[in-house]
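*Asks:* Shown below is the structure under consideration.
The values are calculated or read from the model by the stated rules, or taken from the named source; none is laboratory data. All figures in this text were calculated on a predicted structure; none of them were measured in a lab. Counting neighbours? That spans all protein chains shown, and the Cβs are built from the backbone with ideal geometry, glycine included. To get the accessible areas, we keep the full protein, side chains included, count just its heavy atoms, and leave off ligands, DNA and RNA. Shrake-Rupley method; radii C 1.70, N 1.55, O 1.52, S 1.80 Å.
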Amino acid sequence: MKLILKISVIFACLITTQAFGQTYSIQGRDRSSWYIGFGVGGGQGVLDLEGFNEDFSEGGVGFMFKVGGVINNRLLVGFETSAWRYQEDAYAMQFNHYNGMVTFFPFDNAGFFIKGGLGFGVLVIEFDRYHLESSEAGFDIKGGIGYELRLGEAFHLGGEFDFAATTHEDFTTQDGMFLITFSWY
């Protein structure tokens, strides 16, 4: 997780400096009243049981899907689901997140954004050898930062870092993912 923290700080600094120098403007070009998008990428996860901490620093794959309403050019409110998955020969572990999200674009002339939301998360463990699957749900909080480039009337290509933490009855899970995103407003 230290590597993810270092990379996210560097990513945030780069995005912030780019946000002030970007020349395209969303002023005068209204977004539609809704949005939809998805992202693919990867990252790391941590399973923290009482007295036992498993860090999946080798990394896993990630996916995100989002849909919602556009309040104005700076504010989006919607639903986002994402999953981080780690797999070995004997088992697979997946952290699923289902969150109501608010996304805010603080600058009129740039694609930099921050987002956050609440919802629930589900840990799914699959043991391939025994054909067993177990899952448990818990309270989830999710946040992220990113940057989008407008490449068409409605299409945006972006990159973002998302972090999610889920509290289950006897344990917690956390994951951080870098995603390449494709969005339509």
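*Asks:* Can you find even one residue in region 42-64 that is closer than 25 Å to Phe139 by Cβ, of a type in the set (S, T, N, Q) and open to solvent by less than 40 Å² (accessible area, probe 1.4 Å)?
*Replies:* Yes: region 42-64 contains one or more residues that are closer than 25 Å to Phe139 by Cβ, of a type in the set (S, T, N, Q) and open to solvent by less than 40 Å² (accessible area, probe 1.4 Å).
*Asks:* Still on this model: Mind counting the residues in region 132-185 that are farther than 15 Å from Leu47 by Cβ, of a type in the set (Asp, Glu) and under 18 Å from the mean Cα position of the chain (by Cα)?
*Replies:* So the answer is 3.
*Asks:* Among (1) farther than 16 Å from Ala164 by Cβ; (2) in contact with a strand residue (DSSP E or B) (Cβ under 6 Å, 6 or more places away or on another chain), which single condition is Met101 missing?
*Replies:* Only one criterion is unmet by Met101, namely (1).
*Asks:* A follow-up question, please. More than 15 Å from Gly37 (Cα to Cα), in a strand (DSSP E or B) and of a type outside the set (A, V, I, L, M): which single residue out of Gly146, Gly116, Gly158 fits that description?
*Replies:* Gly116
For every residue, the table says whether it meets (1) out of contact with any Ser or Thr (no Cβ under 6 Å at 6 or more places or on another chain); (2) of a type in the set (Gly, Ala, Ser); (3) open to solvent by less than 30 Å² (accessible area, probe 1.4 Å); (4) assigned to a strand (DSSP E or B).
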position: Thr81; (1), (2), (3), (4): yes, no, no, yes
position: Arg85; (1), (2), (3), (4): yes, no, no, yes
position: Asp89; (1), (2), (3), (4): yes, no, no, no
position: Ala92; (1), (2), (3), (4): yes, yes, yes, yes
position: Leu123; (1), (2), (3), (4): no, no, yes, yes
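*Asks:* Inside region 107-149, can you point out the residues that are within 16 Å of Leu76 (Cα to Cα), in contact (Cβ under 8 Å) with a residue 60 or more places away in the chain and of a type outside the set (Gly, Ala, Ser)?
*Replies:* Matches in region 107-149: Phe107, Asp108, Phe112, Lys142, Ile145, Tyr147.
*Asks:* I need every pair where a residue in region 56-77 that is farther than 21 Å from Phe112 by Cα has its Cβ under 9 Å from the Cβ of a residue that is open to solvent by less than 70 Å² (accessible area, probe 1.4 Å) and polar (S, T, N, Q), sequence separation at least 6 or different chains.
*Replies:* Close Cβ pairs satisfying both conditions: Phe56/Gln44; Ser57/Gln44; Glu58/Gln44; Gly59/Gln44; Gly60/Gln44; Gly60/Gln94; Gly62/Ser82.
*Asks:* Quick test of your reading of the structure: Gly100 fulfils all but one of (1) touching a residue at least 24 places away in the same chain (Cβ under 8 Å); (2) under 15 Å from the mean Cα position of the chain (by Cα); (3) farther than 14 Å from Gly176 by Cβ; (4) surrounded by fewer than 17 Cβ atoms within 10 Å (Cβ to Cβ). Name the failing condition by number.
*Replies:* Condition not satisfied by Gly100: (1).
*Asks:* Confirm whether Arg129 is under 14 Å from the mean Cα position of the chain (by Cα), open to solvent by 30 Å² or more (accessible area, probe 1.4 Å) and closer than 27 Å to Ser57 by Cβ.
*Replies:* no
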